[in-house]
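Please treat every number below as a calculation from the coordinates, not as lab data. Not measured: the values here are computed from a predicted model. When we count neighbours, we look across all protein chains shown, and the Cβ atoms used for this are built from the backbone with ideal geometry, even at glycine.
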Amino acid sequence: MDNNNKPIGFLDSGVGGLSVMKEAIKIMPNENYIYFGDSKNAPYGVKSTKEIRDLTFKAVEFLISKGIKGLVVACNTATSAAVRELRTVYPDMPLVGIEPAIKPAVELGRDGKILIMATPMTIKQDKFKLLLDKYKDKAEIVPIPCAGLMEFIESGVLDGIELEYYLKEKLSDYSSENVSSVVLGCTHYPFVKDSISKILGKNVEVIDGGEGTAREIKRRLAEKNLLNTNTTKGKIEIYNSLGEDKIIDLSWKLLS
Ligand code: DGL
């Protein structure tokens, strides 16, 4: 197969990375895509760095066996645990990870705290601490570890009383009075963006890094002349380690 026609691979601990792939499809509809969700081993956000790294490498090997031309680690947790090592092992692969989009939140220049919702693992990592350090003089940034939130999305719950109860508890100290924006530091969370807005109010900006990540992989592929020149719509394949119809059906629903 001509290299340009090869698919772009996306991976996540489950269905979350589809929020990033969705953005990529918007700006590159003619590309072919392969998605791997590791729902069987989810959540990654409460595992050790070594466990996450091993699972991430396994997922990447699967995608490479499918002949991908570029890779998006569409999981903040897997990015913080493994992206450096992946770049060393696959130096020639256009490879993009995702990290909490603090920069656009700071650049809004609004008064009030910036909340970062992410998995406990992402918040614990040095990579995250360095990111916080970089912006600590420019804004008051508050990390909020959200163990248990990705499970709602994995089971297809995107709204409703239970989810609202969870979010209200997490965000009980905050409102549009004292918060300028919320950064979604986990790729599952954009699927519950409306429920988050409902609690904090419409004036609080909710920011995720999906679009920026999509633009970045496009740039990396363009640099290597690897963009697909076809003008027709590309093909999408979705795999999940659970191997059940239910999770594949949910994946297509989230992508639509
Ligand atoms: N979607 C993942 C992320 O962006 C994490 C969910 C998890 O496995 O804990 O961090």
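A few points about this structure:
- Just one residue in the set Val83, Val106, Val142 is of a type in the set (A, V, I, L, M, F, W, C), farther than 29 Å from Leu200 by Cβ and surrounded by fewer than 24 Cβ atoms within 10 Å (Cβ to Cβ); that residue is Val83.
- Among the residues of region 209-256, the one identified as under 16 Å from the mean Cα position of the chain (by Cα) and part of a loop (DSSP other than H, G, I, E, B) is Gly209.
- Any chance Ala147 is within 12 Å of the ligand (Cβ to nearest atom), among the small types (Gly, Ala, Ser) and surrounded by 15 or more Cβ atoms within 10 Å (Cβ to Cβ): no
- Which listed residue is more than 16 Å from the ligand (Cβ to nearest atom) and either farther than 25 Å from Ser155 by Cα or in contact (Cβ under 8 Å) with a residue 40 or more places away in the chain (or both), from Gly37, Gly17, Gly70: Gly70
- Residues that are crowded, with 24+ Cβ neighbours inside 10 Å and in a helix (DSSP H, G or I) within region 5-23 comprise Leu18, Ser19, Val20, Met21, listed in sequence order.
- Checking each residue in region 208-229 for being crowded, with 23+ Cβ neighbours inside 10 Å and of a type in the set (Val, Ile, Thr) picks out Thr213, Ile217.
- All conditions but one from (1) surrounded by 14 or more Cβ atoms within 10 Å (Cβ to Cβ); (2) more than 28 Å from Met121 (Cα to Cα); (3) touching a helix residue (DSSP H, G or I) at 6+ places or on another chain (Cβ under 9 Å) apply to Asn203; the one that does not is (3).
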